[in-house]
Ligand code: HEC
Ligand code: HEC
């Protein structure tokens, strides 16, 4: 497709060159001729040559010209409809090609920007990305600490099963564009509106790439089911609601949940282990517990339907008419209603006082441990 376009362009360039050179020769020859004509108008005047007589002019000559006119008319009448008939196909072809080229450009960009380093080469989100984390002054009254640790990034091949769940094509993608433009949590902003390096065209290319890489809802819910079963078998003491909450919700609603492993304290060379804060006590998303949820959704059914469809930008939800802000994804496409009910019940069992007291006590320096 790309090649066809360039071949056409080079043919057109050759034609253009022929026409331009032809005109130049014509003008040159004409000027020379007109110079040698000076003073000889009488012999050379056009109306003094021998012309056909009226019989020929109004007979065969006229018919020739008319026939030529009809031929030209036929060509126009036939060629234009044929051109028009093929126009739809040409446009559809251009669109398909455009989407493919945009996705390929997005893929190159993603390699350059190392999206896959954090999100996993298969976009399954299995990677722990190195991050620098501000953990405040948990180890000392005077100093605040910046630790280096690793942070689990979410899967990207299922991002359209959570966000922009109503989008049927690229034009309707809105939430993922917002996330890429303004960044999210520990992920920096990529688009110019959020102070990032990418133009809106480049962000569109990344979206086209993510769109191309998305897996079907069936595959996504199958994956979710498998993850749940593995986790429940490994931790029989946990309820289904807790397991599902940890798999799908904790990364946004529990402090430091995605952080893992030992972290270095550059300030004094010590090492700390980063442990998540109390379940559901709030991170990027607000704190969820018995008190807050019973106020927001007196009827658990409303909470279930909110989690099913997620929050839409600037659309009110719950009792205090809170406005969504591109944050809360919808889970209706990968979790069943029974699973969402189990999570809702788990969330409604979380204790507010517990959440507020043990916020930081779980972090400890390994030096203290020894
Ligand atoms: C430094 C690691 C890192 C890099 C590089 C990175 N991301 Fe992210 N990304 C994250 C993390 C972590 C999150 C989740 C936010 C959080 O946990 O604070 C995220 C969230 C997202 C989300 C939202 C998904 C969701 O379900 O919440 C999208 C979409 C996304 N990233 C796309 C990209 C693209 C496209 C690139 C490359 C241009 C990229 N990311 C590069 C770490 C990274
Ligand atoms: C990508 C981050 C993210 C994930 C994952 C996420 N949430 Fe949220 N959640 C939010 C944000 C942000 C809000 C606030 C509304 C907004 O800005 O859209 C929110 C709001 C909520 C609320 C309303 C609470 C309030 O006080 O307004 C509930 C309930 C909720 N989430 C439950 C869940 C459940 C259950 C899951 C997992 C199945 C989940 N969330 C996963 C980010 C997330």
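A short reminder: the numbers here are calculations on the coordinates, not readings from a lab. None of these values were measured; they are calculated from a predicted model. Here the Cβ is made from the backbone with ideal geometry for all residues, glycine too, and neighbour counts use every protein chain on show.
Each peptide in 162-171, 332-341 was scored by the mean count of other Cβ atoms within 10 Å over its residues; highest first, the order is 332-341, 162-171. Looking at the square roots a ≥ b ≥ c of the eigenvalues of the Cα gyration tensor of region 175-265, which shape do they give, rounded for a/c under 1.5, prolate if a/b is larger than b/c, or oblate? Since a/c reaches 1.5 but b/c is at least a/b, the shape of region 175-265 is classed as oblate. Ranked for footprinting exposure by Cβ neighbours inside 10 Å, fewest first, 257, 84 give 84, 257.
For region 263-317, the relative contact order comes to 14 percent (Cα pairs under 8 Å, sequence separation of at least 6). As a proxy for reagent exposure, ranking 228, 35 by other Cβ atoms within 10 Å from fewest up yields 35, 228. The protection proxy used here, the mean number of other Cβ atoms lying within 10 Å of each residue, ranks peptides 98-109, 19-30 as follows, highest first: 98-109, 19-30.
Annotation: the residues 328, 72, sorted from fewest to most other C-beta atoms within 10 Å of their own C-beta, follow the order 72, 328.
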